[in-house]
Amino acid sequence: MELFMKCLQFAADKHRNQRRKDTSGTPYINHPINVATILSTEAHVQDMTVLMAALLHDTVEDTDATFEDIENLFGPEVCSIVREVTDDKTLPKGVRKDLQITNAANSTRRAKLVKLADKLDNLRDLEKTLPCGWTEERRDEYFKWAKKVVDNLRGTNEHLERQLDNTFRTRGLL
Ligand SMILES: Nc1nc2c(ncn2[C@@H]2O[C@H](COP(=O)(O)OP(=O)(O)O)[C@@H](OP(=O)(O)OP(=O)(O)O)[C@H]2O)c(=O)[nH]1
Ligand SMILES: [Mn+2]
């Protein structure tokens with residue numbers, strides 16, 4: 001529990017100047033908190049290593065945090081999950097998005113759990129509001145792409161997959 005609180009503090013500090021893309025400017029940290037909360041309360045995940053990785057999952061991708069920081073502070077197991085769910089932002093966006101689809105199938109179970117909850121929270125946000133500057137078409141494309149990623153993560157957690165399927169059904173993708 002002490003290490004979990006340190007993850008929360010570390011993620012809140014790293015994301016402190018970031019906002020979500022919604023019009024109300026929700027603090028970015030709400031998203032990693034939501035991902036960890038979905039895993040704990042909806043997927044009934046009790047593995048603290050997974051819950052810590054959920055809090056940290058966007059720190060290396062979107063802040064100046066490094067894998068070295070994560071490994072030193074939170075250990076190699078948490079770090080390896082964060083590594084699995086971190087996109088290489090030096091790659092062109094199209095390549096990154098394709099890699100998420102192919103890498104999903106080869107991920108460890110722990111990384112798959114974080115990926116499923118990450119997609120679920122992002123899709124729930126997208127159902128509520130269109131991010132600033134996004135068109136309806138871009139939202140539709142995100143849903144279609146997310147379905148391809150999720151299809152390669154299946155067989156991991158029935159609660160998460162049922163919730164994701166509800167969002168895909170609402171969009172006419174299932
Ligand atoms: N739906 C939604 N997403 C928002 C919002 N604000 C920030 N995001 C982030 O935007 C990313 C999705 O937008 P894209 O344009 O597809 O991706 P990009 O930022 O990586 O270029 C997600 O990153 P990610 O968590 O790394 O996930 P993913 O890109 O792997 O799906 C999501 O967390 C918001 O208000 N609504
Ligand atoms: Mn995320």
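The values are calculated or read from the model by the stated rules, or taken from the named source; none is laboratory data. In this text the structure is predicted, and so the values were computed from the model without any measurement. All Cβ positions, even for glycine, are placed from backbone atoms using ideal geometry, and neighbour counts span all protein chains on display. Only protein heavy atoms, including side chains, enter the accessible area calculation; ligands, DNA and RNA are left aside. Shrake-Rupley method; radii C 1.70, N 1.55, O 1.52, S 1.80 Å.
Spin-label model, Asn30 to Val95: label points 7 Å out along the Cα-to-beta-carbon direction sit 3.4 nm apart.
Classified by the C-alpha gyration tensor, region 18-91 has an oblate form. Its axis ratio a/c, with a ≥ b ≥ c, is 1.5 or above, and a/b does not exceed b/c. Once the Cα atoms are used to define both axes, helix 109-128 deviates from the longest principal axis of the chain by about 50 degrees.
Result for the chain in a Gaussian network model with C-alpha springs under 10 Å: among Thr37, Thr129, Thr90, the largest mean-square fluctuation is at Thr90.
State the extension gain, in nm to one decimal, for the chain segment bounded by Arg83 and Leu174, taking 0.36 nm per residue of separation less the distance between their alpha-carbons. Before the final figure, lay out each step's value.
Working: separation 91, 0.36 × 91 = 32.76 nm, distance 3.07 nm.
Contour length minus the Cα-Cα distance gives 29.7 nm.
Per the Kirkwood definition applied to all pairs of different Cα atoms, how many angstroms is the hydrodynamic radius of region 83-141?
Details: mean 1/r = 0.0773 Å⁻¹.
Its Kirkwood hydrodynamic radius stands at 12.9 Å.
Projected onto planes of every orientation and averaged, the convex hull of the alpha-carbon atoms in region 1-170 covers 9.4 nm².
Determine the calculated [θ] at 222 nm for the chain from helices alone, applying -39500 (n - 2.57) to every DSSP H run no shorter than 4 residues and normalising by the residue count; nearest 500 deg cm²/dmol. Each step should come with its number before you reach the end.
Details: 10 runs with 113 residues, N = 174.
One gets -20000 deg cm²/dmol as the mean residue ellipticity at 222 nm.
For Arg110, the accessible surface of its heavy atoms amounts to roughly 80 Å² (probe 1.4 Å, protein chains only, rounded to the nearest 10). Between region 1-28 and region 72-90, the alpha-carbon centres lie 17 Å apart.
Here the dipole of the chain is about 520 debye; that uses its Cα centre as origin and unit charges on the Cβ of Lys and Arg (positive) and Asp and Glu (negative).
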